[in-house]
Amino acid sequence: MIHAPSFAAGAPPARLLSKSNFVRGYDCPVRVKYAVARKASTKQDDEFLRLLAEGGFQFEKLVRHAWPGEEVRGDIKDPLGAHGKTIEAIRSLLAAGGGVLHEATLVHGGRAARVDMLRVLPNAVELCEIKAKSFKGTSDVKDAGRVITSPESNLVGMRGIRSTWLRYLADVAFQTVVAEEALFAAGLGMLTVRPRLILANSNIPCGRYDTFANLRIDASSAIKNGRMTSEDVAWVVEPPAYFRSPLIAEVDVTAEVGLLRTGNAKSRSAAWHRKTIVQLIEDATAIATGAHAPDIEPELGFKCRDCEFNAPGNDAQSSGFEQCWGERTQAAKSLVTLYYGKGYVPTAQVAAVGQLKDGAMSRAPEWIVDVIDRHPGSTAITVGGLPHDCGKGLRAVTRNMQIAAERTGVPQHAPDLCAEVQQKLLRDGRPCTLHFLDFETSMACLPFAPGMRPYETIAFQFSCHSIPFDGTQPDYAKTSHAQWVNPSDEAA
């Protein structure tokens, strides 16, 4: 096991592991290294713009109104100073009997966590991560304020933490570990850390105050600075003091965090196979602080398709993807386009996992590495050069269609597609009118109008092209077009 180095209070490391960088590298320790080094990323602006478009910042404003408190956001360039400010604020609230802190920073052992909301109680702190993510909570408005616990939360399935919730829970677990260590080091170890997820209940309709239109965003400075502050979001009609929207669902994730701390953290990394999240945090901290260099070769495989560091390099440096694959980059970029290629079964299947060796799992190269290494120096390796997929199921059928299309240059179609088109679209040669419909829709965390629910879809554009068909061929000269678009900001 790799142990992260300890740091004296007056001598912080040159680099700290943040919760965001930890989550970004959850499936690959090399990504932790690239994230901390600020390698060019395809997702640098994605998260900010997504939250802006979906109303994530507005949802946070809604939550803060329900639990007002002091914002202790510190200078990102001085994490220890921000940590000190947070500890001082916690002591003050304890003396006053409790209270709420927003964007509090805690630092310990080479890692730092900025907590969205920290509710300080006499004997505990409730660590709340605010996420504008849809959650199927109660449909009874009278029951909306109740804290939801496991198993009712349905975040855990037969195989452990559900994949759709893994990153969110890993985020909270990281913060919990840092908070416990930081509070203990500050002499506040008597405080129990209770992790929470604050989510958007998609089963509750909104009212007057919690609509998208009731919270206006001035995005000009936010886009320029790359971050949003509370001053950039303003009420149109401010709710009563301490108004708690029934859209807010609070989930106690103590049990789920416990599963990650004691069991398999479900990382896709070869180095972190079956490790707990505590072990992942220790290893990632060592990488972030420069105490350990991750091994690239075992991590190469189809998961590289999702690597955010497959972006043009900056400052005359290669991208992270290119740095990992080296001369094999072009071949790897081609092969990862294979449809659901993780499940590809070549004629001579390569074992994915070997035997235990020196306490760690020994892994054979994935098929991508194996294919490339069998053709050293070749940059012309493409999906079309792969052998037939010997697997089963619809995904294997689709993979073989893709391989055949790239190999022959001829478009492929499912065997029953022509029959479906002939029977259902062309009505077996009977005269008819063909209609081609297109809708444009939108959805947001906070609903567009009272009575709607979070992330409920609304259509704002409609288009239909109609073409007469005489039973033999379409008469394109008689194509007609109908359309509608909502020009206002109000819900249709």
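The values are calculated or read from the model by the stated rules, or taken from the named source; none is laboratory data. This is a predicted model, so every value here is computed, not measured. Please note: Cβ atoms are built from the backbone with ideal geometry, for glycine as well, and neighbour counts cover all protein chains shown. With ligands, DNA and RNA removed, areas are computed over all heavy atoms of the protein, side chains included. Shrake-Rupley method; radii C 1.70, N 1.55, O 1.52, S 1.80 Å.
Among the protein heavy atoms of the range 96-146, carbon and sulfur supply 51% of the accessible surface, probe 1.4 Å, non-protein parts ignored. Between the residues A414, I458, V485, the greatest Cα displacement towards the positive end of the dipole of the range 364-492, with unit charges on the Cβ of Lys, Arg, Asp and Glu, is found for A414. At an R0 of 22 angstrom, the distance between the Cβ atoms of R374 and A404 translates into a FRET efficiency of 0.55. Select one label from (i) 4, 15, 22, 24, 19, 11, 4, 1, 0; (ii) 3, 13, 19, 20, 19, 14, 8, 3, 1, 0; (iii) 4, 18, 28, 30, 17, 3, 0: the one whose number is P(r) over Cα pairs in 10 Å bins from 0, in percent as derived from the coordinates shown. Only one option fits the structure, namely (i). Remark: for residue pairs K61/K333; K275/K333; K136/K392; K19/K61; K43/K77, the C-alpha separation exceeds 32 Å in K61/K333; K136/K392. Amide hydrogen proximity for I130: with H placed 1.01 Å from N in the peptide plane, the residues at 5 or more positions away or on another chain lying under 5 Å are D116, M117, I198. With a Förster radius of 30 Å applied to the beta-carbon distance between A124 and R274, the computed FRET efficiency rounds to 0.45.
Between K478 and H465, what is the spin-label point distance in nm, taking each point 7 Å from the Cα along the Cα→C-beta axis? Taking the simple label geometry, K478 and H465 are separated by 1.8 nm. Dipole of the range 373-412 computed with +1 at Lys/Arg Cβ and -1 at Asp/Glu Cβ about the Cα centre; of V383, A404, L394, farthest Cα towards the positive end is L394.
For the range 232-292, the Cβ-based charge dipole about the Cα centre amounts to some 420 debye (Lys, Arg positive; Asp, Glu negative; other atoms uncharged). Shown is the FRET efficiency for R208 and T149, computed with R0 = 30 Å from the Cβ-Cβ distance and rounded to the nearest 0.05: 0.50. Taking a straight line from the alpha carbon of K33, these aspartates and glutamates sit under 19 Å away, with near neighbours fewer than eight places off in the same chain left out: D171, E282, D283, D295, E297, E299, D306, E308, D315, E322. Of the residues G187, T254, T276, the one whose Cα sits farthest towards the positive end of the charge dipole of the range 151-277 is T276 (charges of +1 on Lys and Arg Cβ, -1 on Asp and Glu Cβ, taken about the Cα centre). Note that the chain presents 51 Å² accessible area per residue, ligands and nucleic acids not counted, probe 1.4 Å. The tail of the calculated P(r) for the range 62-164 beyond 19 Å holds 55 percent of all Cα-Cα pairs. Stretching K77 away from S488 to a fully extended chain increases their span by 143.7 nm, per 0.36 nm per residue minus the current alpha-carbon distance. With 5 Å bins beginning at zero, the pair-distance distribution over Cα atoms of the range 423-492 amounts to 4, 15, 18, 14, 12, 10, 9, 9, 8, 2 %. Rounded to whole numbers, the Karplus 3J(HN,Hα) couplings from phi for the range 137-148 are x, 5, 9, 9, 4, 5, 9, 5, x, 6, 6, 8 Hz, using 6.51 cos²θ - 1.76 cosθ + 1.60 with θ = phi - 60°, and x at Gly and Pro. Each Lys or Arg adds one and each Asp or Glu takes one away; over the other residues whose Cβ falls under 12 Å from the Cβ of G391, this sums to +3.
Taking the Cα centre of each part, how many Å lie between the range 116-144 and the range 178-247? The distance from the Cα centre of the range 116-144 to that of the range 178-247 comes to 10 Å.
Spacing of the modelled spin labels on I223 and H435, each 7 Å from Cα toward Cβ, amounts to 3.8 nm.
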